[in-house]
Each structure stands twice: as C-alpha cells, then as structure tokens.
1. Going by the structure shown, is Tyr93 of a type outside the set (A, V, I, L, M), in a strand (DSSP E or B), under 16 Å from Val12 (Cα atoms) and open to solvent by less than 40 Å² (accessible area, probe 1.4 Å)?
2. Pick from Val5, Val12, Val63: which is crowded, with 19+ Cβ neighbours inside 10 Å and touching a strand residue (DSSP E or B) at 6+ places or on another chain (Cβ under 8 Å)?
3. I'm told Gly55 meets every condition in (1) at pLDDT below 95; (2) open to solvent by 50 Å² or more (accessible area, probe 1.4 Å) except one. Can you identify the failing condition by its number?
4. Please determine, by comparing only the residues of segment 28-44 that are out of contact with any Phe, Trp or Tyr (no Cβ under 9 Å at 6 or more places or on another chain) and open to solvent by less than 20 Å² (accessible area, probe 1.4 Å), which one is nearest to Ser114 (Cα to Cα).
5. Do we find that Gln39 is under 20 Å from Gly108 (Cβ atoms) and of a type outside the set (Asp, Glu) in this structure?
6. Only one of these is open to solvent by 50 Å² or more (accessible area, probe 1.4 Å), within 12 Å of the chain's Cα centre (by Cα) and among the hydrophobic types (A, V, I, L, M, F, W, C): Leu47, Leu80, Leu20. Name it.
7. Of the residues in segment 96-115, how many are closer than 18 Å to Gln3 by Cβ and assigned to a loop (DSSP other than H, G, I, E, B)?
8. For segment 51-70, state whether one or more residues are touching a residue at least 40 places away in the same chain (Cβ under 8 Å) and more than 14 Å from the chain's Cα centre (by Cα).
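The values are calculated or read from the model by the stated rules, or taken from the named source; none is laboratory data. Just so you know, these numbers come straight off a predicted model, no measurement behind them. So basically every Cβ, Gly included, is an ideal-geometry build from the backbone, and we count neighbours across all protein chains shown. Surface accessibility is based on the protein's heavy atoms, side chains included, excluding ligands, DNA and RNA. Shrake-Rupley method; radii C 1.70, N 1.55, O 1.52, S 1.80 Å.
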Amino acid sequence: QVQLVESGGGLVQPGGSLRLSCAASGIHFSIYAMAWYRQAPGKQRELVSTITPGGSINYADSVKGRFTISRDTAKNTVYLQMNSLKPDDTAVYYCNAQHWAYNYWGQGTQVTVSS
C-alpha cells in the first residue's frame, strides 16, 4: 500500500520559516519524481516545486529564493524548507510522487501564515 505522509505544517508569522516533510512508503522512492503542490481556499491546486530522481529541481516563480526542496533517499523522504513566509503562502500543501503512469498524493498539511 502506497502512503505519502506529510508533516510540519502549522501557524507561523510573516517572515517566519517552516520545514515540511513527506515520508513515502510502498514505492521505490529513488525512481520517483517528487513534488510539492499547494491549494489555497477558493483557488486551484498549484505546483510549488519538483525534484527528479537525478536531483534536478524546479520552483514556481512565487517561491524562488525562499523555498528549498530536497530529498533523502535513505529515509524515503522529501522536504520543503520554507523561509520568509508570506500570507499568500497560506494553503494546504500536498506531497506528490510520480513515475510514468503512477501518481500518488499525500493527505496534505495546512500552512497558515498570519500575524
């Protein structure tokens, strides 16, 4: 059974930091492209960042320079370090694993940026 379990969300003040984690099980983690998406209330889900099995990384323009994605194959975990958080970053953040036709999602973790 495939599971992607996110953690690390919460309430943070503007300018603060959070580190999200996504622990994967039931998949051959090293061959999957991993990604973080987010969905704010009333908006469509959007791609935040991706990291390929080879380590190639992409970011949405809105988070470049503030967010950092990384993966630890030994721990089957992908991370999203979020710095200089803004109220516009408030959303449910979802972990995604993709390899060819195989596509899996986590349950999401809430990030709220507010003073």
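1. So Tyr93 fits the description; yes.
2. Val63
3. Exception for Gly55: condition (2).
4. Met34
5. Details: under 20 Å from Gly108 (Cβ atoms): yes; of a type outside the set (Asp, Glu): yes.
For Gln39, the condition - under 20 Å from Gly108 (Cβ atoms) and of a type outside the set (Asp, Glu) - is met.
6. Leu47
7. Residues of segment 96-115 closer than 18 Å to Gln3 by Cβ: 96-99, 102-109.
From what is left, the residues that are assigned to a loop (DSSP other than H, G, I, E, B) are 106-108.
So the count comes out to 3.
8. no
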